[in-house]
Amino acid sequence: MATFFGHPRGLATLFFTEMWERFGFYGVRAILIYYMTAKVAQGGLGFSTAQSGIIYGLFLAMVYLLSLPGGWLADNILGQRKAVLYGGIIIAIGYYSMALPGIASFYSALVLVTLGTGLLKPNVSTIVGGLYSENDPRRDSGFSIFYMGINTGALIAPLIIGTVGEKFNYRYGLALAGVGMTAGLIQYTLGAKYLEGAGMPPPPNPKARRQAVIGAAVILAAVAIVAGLSAGHILQVSAEGLSDVLGAMLTVITVAVFGGLLLSSGWTPVERKRLAAIFVLFLASAMFWSAFEQAGSTLSLFAQRNTRDVLMGYHFPASWFQTLNSLFLVIFAPIFAALWIKLGRREPSMTIKFSLGLLFVGLGYAVLIPVAGGKAVSPMWLTLTYLFHTIGELCLSPVGLSAMTKLAPQRIAALIMGVWFLSISVGEFIGGRVASLYEQFPLPLIFGVVAVFSIACALILVLFNGPMKKLTAGVK
Ligand code: GLN
């Protein structure tokens, strides 16, 4: 049977599906803030920097938040395979609409892309897992190959979508994201036969169906009410107002999830300790992503407004900085994997790795503080920032994902994976609010505060290392 680097052939199908999806996603993320802040005469939307930062955070926070219902829908009704297909179609329509002129199509596009990505992103990874039997030794390396697909898409996106967007027309760039997703969908449809049994729908469950209909009705009603009232100018929905609502929602969800988990009496003592450990990792993760994910907002604005954009005489688009994360990741991921193996018994605990993640993301901001007042600083500074951020990501992100799967009581494994996405959502939300302050405070202050908070959290986590070892006893 045909294989893909010694892996099931279906992995190739999923690799390219996710590569194209991420191509669109990271391409749009690279120019989104520029498109929103550019004047209308220059082909932009003419939003203020404050509003743009908030919308950026709102959009990304919703993408990650919607992966919770997206995962649920696939598990309970659609099956992952259909969820990825429908998600991809909605995303492609979203990107094409984003390329249309006008604010209404822009906002509708954001809603479509968040819905579609919520359906596609968590489920494509689940199908990867489904290609392997429980103890297939190729499983981890399958996920590493898949992660390369993510980063291949993310690496080329700014070079193509960013260049077209910034040098020619933002909307052509956004349309290219739709073209990429379309290519991914064609490939996915043609390659679906290689997925064998993975991602098929679960047996029909009338109760889940009812719940889904109610959930969908609530979401649609909320969107319709907000859209209707704002179209009739009865309700002045501002980006900031929506963002406040989301902030309140995230707080309520977080309190409800952890309150429910920690107070519930159904756990063994070991499970309860592990849930407490998950809570600590949740907070650290949210903090990490709030700093890291300003790559496409605060740091992108710094790239455009304060960084020299000439390389050997060529004026390169500021969005090119967005390739650095993926480039460094592709280079360093194998090195880190080897390093952990080489360290053997001296390999740092997951808490220390989280702490290192926060330390490096903080250092990435700290190096910018001395130059933040400058008008045309060397591109080396941001390069160094993204290098530190990638090192931080490599310490924290894979460890976080695997910690969630290992610490979760088996019967709520999917919910705990959702908790990880929730932490990213919270991080995106906070990061967007920070980015919206870009013009209100001096840059050295903004970078300084993010650096101090991240590094302080890193130090606090070191103190937690001992207690966390007790809480996670028995977990490798
Ligand atoms: N870069 C990875 C992806 O796009 C991880 C991002 C994240 O977990 N926030 O899948």
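The values are calculated or read from the model by the stated rules, or taken from the named source; none is laboratory data. Quick caveat, the model's predicted, so the values are computed rather than measured. Cβ sites come from the backbone with ideal geometry, for glycine too, and all protein chains shown count toward neighbours.
Can you give me the number of residues within region 7-25 that are within 16 Å of the ligand (Cβ to nearest atom) and of a type in the set (Gly, Ala, Ser)? Matching residues across region 7-25 total 1.
Number of residues in region 124-151 that are within 21 Å of the chain's Cα centre (by Cα) and either away from the ligand (no atom under 16 Å from the Cβ) or in a loop (DSSP other than H, G, I, E, B) (or both): the value is 1.
Restricting attention to region 222-233, does a residue exist that is within 29 Å of Leu58 (Cβ to Cβ), at pLDDT below 90 and loosely packed, with under 10 Cβ neighbours inside 10 Å? Within region 222-233, one or more residues are within 29 Å of Leu58 (Cβ to Cβ), at pLDDT below 90 and loosely packed, with under 10 Cβ neighbours inside 10 Å. Consider region 339-356 and keep the residues that are charged (D, E, K, R) and more than 24 Å from the chain's Cα centre (by Cα). The one that is surrounded by the most Cβ atoms within 10 Å (Cβ to Cβ) is Glu347. Residues in region 144-156 include at least one that is among the β-branched types (Val, Ile, Thr) and over 19 Å from Ser319 (Cβ atoms). Condition check for Met200 on (1) surrounded by fewer than 19 Cβ atoms within 10 Å (Cβ to Cβ); (2) outside any helix (DSSP H, G or I); (3) in contact with a helix residue (DSSP H, G or I) (Cβ under 6 Å, 6 or more places away or on another chain): one failure, at (3). Within region 1-55, the residues that satisfy the criterion of being assigned to a helix (DSSP H, G or I) and among the aromatic types (Phe, Trp, Tyr) are Phe15, Phe16, Trp20, Phe23, Phe25, Tyr26, Tyr34, Tyr35. Consider region 339-357 and keep the residues that are without any contact (Cβ under 8 Å) to a residue 12 or more places away in the chain and in contact with a helix residue (DSSP H, G or I) (Cβ under 8 Å, 6 or more places away or on another chain). The one that is farthest from the ligand (Cβ to nearest atom) is Glu347. Only one entry in Val426, Val449 is at pLDDT 95 or above and surrounded by fewer than 21 Cβ atoms within 10 Å (Cβ to Cβ), namely Val449. What do you reckon, is Val164 under 22 Å from Tyr96 (Cα atoms) and touching a residue at least 40 places away in the same chain (Cβ under 8 Å)? Spelling it out, it is not the case that Val164 is under 22 Å from Tyr96 (Cα atoms) and touching a residue at least 40 places away in the same chain (Cβ under 8 Å).
Within region 1-28, residues that are of a type in the set (Gly, Ala, Ser) reach partners that are crowded, with 24+ Cβ neighbours inside 10 Å with beta carbons closer than 6 Å, at six or more positions or on different chains, in the pairs Gly10/Leu131; Gly24/Tyr95; Gly24/Ala177; Gly24/Gly180; Gly24/Met181; Gly27/Ala157; Gly27/Ile161; Gly27/Ala177. Being within 16 Å of Met404 (Cα to Cα) and touching a residue at least 40 places away in the same chain (Cβ under 8 Å) is the filter here, so list the residues in region 262-282 that pass it. Within region 262-282, Val270, Glu271, Lys273, Arg274, Leu275, Ala276, Ala277, Ile278, Val280, Leu281, Phe282 qualify. Screening Leu115, Leu100, Leu120, Leu85 for residues that are out of contact with any Asp or Glu (no Cβ under 7 Å at 6 or more places or on another chain) and crowded, with 22+ Cβ neighbours inside 10 Å leaves exactly one candidate, Leu115. Counting residues in region 164-181 that are assigned to a helix (DSSP H, G or I) and under 22 Å from Gly71 (Cβ atoms) gives one or more. State whether the residues of region 264-271 include one that is within 16 Å of the ligand (Cβ to nearest atom) and farther than 20 Å from Ile33 by Cα. No, there is no match, as no residue in region 264-271 is within 16 Å of the ligand (Cβ to nearest atom) and farther than 20 Å from Ile33 by Cα.
Only one entry in Phe336, Phe328, Phe360 is of a type outside the set (Val, Ile, Thr), more than 30 Å from Gly466 (Cα to Cα), over 17 Å from the mean Cα position of the chain (by Cα) and within 16 Å of the ligand (Cβ to nearest atom), namely Phe328. What about Met36, is it crowded, with 18+ Cβ neighbours inside 10 Å, more than 20 Å from Leu220 (Cα to Cα) and away from the ligand (no atom under 16 Å from the Cβ)? Judged against the criteria, Met36 is a match.
Which one of Met249, Met181 is more than 30 Å from Ile160 (Cα to Cα) and not polar (S, T, N, Q)? So the residue among Met249, Met181 that is more than 30 Å from Ile160 (Cα to Cα) and not polar (S, T, N, Q) is Met249. In region 169-190, what count of residues is obtained for those that are closer than 10 Å to Ala92 by Cβ, among the hydrophobic types (A, V, I, L, M, F, W, C) and buried (at least 24 other Cβ atoms within 10 Å of the Cβ)? So the count comes out to 2.
Within region 204-218, no residue that is surrounded by 12 or more Cβ atoms within 10 Å (Cβ to Cβ) sits with its Cβ atom under 6 Å from a residue that is outside any helix (DSSP H, G or I) at 6+ positions apart or across chains. Candidates Ala414, Ala435, Ala408: the one that is surrounded by fewer than 18 Cβ atoms within 10 Å (Cβ to Cβ), out of contact with any strand residue (DSSP E or B) (no Cβ under 9 Å at 6 or more places or on another chain) and aliphatic (A, V, I, L, M) is Ala414. Scanning region 274-290 finds one or more residues that are more than 16 Å from the ligand (Cβ to nearest atom), of a type in the set (Gly, Ala, Ser) and under 30 Å from Pro409 (Cβ atoms). Inspect all residues belonging to region 42-63 and state whether any of them is surrounded by fewer than 24 Cβ atoms within 10 Å (Cβ to Cβ), more than 18 Å from Ala239 (Cβ to Cβ) and not acidic (Asp, Glu). Scanning region 42-63, I find at least one residue that is surrounded by fewer than 24 Cβ atoms within 10 Å (Cβ to Cβ), more than 18 Å from Ala239 (Cβ to Cβ) and not acidic (Asp, Glu), so the answer is yes. Among residues of region 376-388 that are without any contact (Cβ under 8 Å) to a residue 60 or more places away in the chain and crowded, with 19+ Cβ neighbours inside 10 Å, those with a Cβ under 6 angstrom from a residue that is of a type outside the set (A, V, I, L, M, F, W, C) and assigned to a helix (DSSP H, G or I), sequence gap 6+ or separate chain, pair up as Phe388/Gly364.
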